[in-house]
Amino acid sequence: MKVAVIGVGHWGKNIARTLKELDALEGLAESSPEIRRRLAGDYPGIPLYDDYRPLLATEIPAVAIATPGPLHYEIARAALLAGKDVFVEKPMTLSVAEAEELVCLAEEKGRILMVGHLLLYQPAVAWIKEYLAAGKLGEVHLIHQERLALGRACAVENVLWSLGVHDVASLLYLTGRTPTGISITGARVLQAGVEDEIHLELYFPGGLRAHLHASWLWPETQRRMVITGSRGFLVYNEREQTVTLHRKGINPDLTNRDEGTEILFTGDAKPLTRELEHFLDCLATRKTPLSDGRNGLAVIKVLAEAGRLLAKEEAIQ
């Protein structure tokens, strides 16, 4: 199966390179003349377009969309209407209504719609899901996530939509549950109306709670998840791709116990290759992607509700 990439800038260049390595790159669409000049040298013989519309008129069966987030809905909708299968980077859209429309359109047209929730394709995350499902950590009480760095600030999407979307997607995947409540606070430092840092709380049936701290205004890079269970703690270090079990806790009499730590799993750092291999497999077999449109919609619903609460907080202030 062959795929064309629409938007070959900051992240799209990685998608294009990976598809080329998989012998699946069929075309490139990029509006920037400077980037197109580079692409012409890097990908000789690959059709190159300055607009996505002529590309959609070709026989290329599928597209990967990696443009800025505000353009995702418009381009994905046009691609589905043109009969293409679609891979769209996160966030899928910037509203629930747009996400719902894309899901319905893909189902109506019989097209594959897959969302770029990269963490779901980390082997460590799949391993954690199996470990929790087997009950090896006991009852899960708390999940704490950190995505912090002196990062790439955006002018439209806040840090939750830009970075935290990864963690929300992995959290919904790991728990297999829909949150029953959301609370959030945010800090706007660099720009009015755009949160550079957020603290998100999600409440799930059964008493499970999750917390996400995300910031692109942070002096150190930290990417990890801590899962608190009745039998101990799992710590996923995303940068090192390790999952460590801490056999520690507090006993019923409030005394501490410590039976040591052990690295249970070590993965690698090639989730994009696995993600795009999965997309190509779905194109060939017509199976539903792990991060399909409905998965993307569930994430957008959480982000949209968090955004509503942030707007309410800003209005009060």
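The values are calculated or read from the model by the stated rules, or taken from the named source; none is laboratory data. Predicted, not measured: the structure shown is a model, and the values here were computed from it. As a convention, Cβ positions derive from the backbone with ideal geometry for all residues, glycine included, and neighbour counts pool all protein chains shown.
Taking the stated definitions as given, is Arg147 closer than 30 Å to Tyr73 by Cα, in contact (Cβ under 8 Å) with a residue 60 or more places away in the chain, surrounded by fewer than 17 Cβ atoms within 10 Å (Cβ to Cβ) and assigned by TED's automatic domain parsing to the domain that holds Tyr203? Don't jump to the end; show me each part of the working.
On the way: closer than 30 Å to Tyr73 by Cα: yes; in contact (Cβ under 8 Å) with a residue 60 or more places away in the chain: yes; surrounded by fewer than 17 Cβ atoms within 10 Å (Cβ to Cβ): no; assigned by TED's automatic domain parsing to the domain that holds Tyr203: yes.
So Arg147 does not fit the description; no.
Inspect all residues belonging to the stretch 242-257 and state whether any of them is touching a residue at least 60 places away in the same chain (Cβ under 8 Å), under 19 Å from Val168 (Cα atoms) and surrounded by fewer than 19 Cβ atoms within 10 Å (Cβ to Cβ).
So far as the stretch 242-257 goes, no, none of its residues is touching a residue at least 60 places away in the same chain (Cβ under 8 Å), under 19 Å from Val168 (Cα atoms) and surrounded by fewer than 19 Cβ atoms within 10 Å (Cβ to Cβ).
Quick one: is Ala57 surrounded by 19 or more Cβ atoms within 10 Å (Cβ to Cβ), closer than 21 Å to Leu25 by Cα, of a type in the set (Gly, Ala, Ser) and modelled with pLDDT of 95 or more? Write out each step before concluding.
Working: surrounded by 19 or more Cβ atoms within 10 Å (Cβ to Cβ): no; closer than 21 Å to Leu25 by Cα: yes; of a type in the set (Gly, Ala, Ser): yes; modelled with pLDDT of 95 or more: yes.
Considered against the rule, which asks whether it is surrounded by 19 or more Cβ atoms within 10 Å (Cβ to Cβ), closer than 21 Å to Leu25 by Cα, of a type in the set (Gly, Ala, Ser) and modelled with pLDDT of 95 or more, Ala57 comes out as no.
Which numbered condition in (1) crowded, with 17+ Cβ neighbours inside 10 Å; (2) of a type outside the set (S, T, N, Q); (3) more than 30 Å from Leu80 (Cβ to Cβ); (4) touching a residue at least 40 places away in the same chain (Cβ under 8 Å) is the only one that Asp268 fails?
With (1) crowded, with 17+ Cβ neighbours inside 10 Å; (2) of a type outside the set (S, T, N, Q); (3) more than 30 Å from Leu80 (Cβ to Cβ); (4) touching a residue at least 40 places away in the same chain (Cβ under 8 Å) applied to Asp268, the lone miss is (1).
Could you tell me which of the residues Arg286, Arg294, Arg231 is outside the structural domain of Pro179 (by TED's automatic domain parsing), more than 21 Å from the chain's Cα centre (by Cα) and basic (Lys, Arg)?
On the way: Arg294 fails: more than 21 Å from the chain's Cα centre (by Cα); Arg231 fails: outside the structural domain of Pro179 (by TED's automatic domain parsing).
After ruling out the rest, the residue left standing is Arg286.
What about Thr93, is it more than 18 Å from Leu28 (Cα to Cα) and either under 20 Å from the mean Cα position of the chain (by Cα) or not acidic (Asp, Glu) (or both)? Steps first, answer last, please.
On the way: more than 18 Å from Leu28 (Cα to Cα): yes; either under 20 Å from the mean Cα position of the chain (by Cα) or not acidic (Asp, Glu) (or both): yes.
So Thr93 passes the test.
Restricting the first residue to the stretch 27-42 and requiring it to be in the same structural domain as Lys84 (by TED's automatic domain parsing), which pairs with a second residue that is of a type in the set (Lys, Arg) and surrounded by 13 or more Cβ atoms within 10 Å (Cβ to Cβ) meet a Cβ separation below 6 Å and a spacing of at least six or different chains?
The qualifying pairs are Glu30/Arg36.
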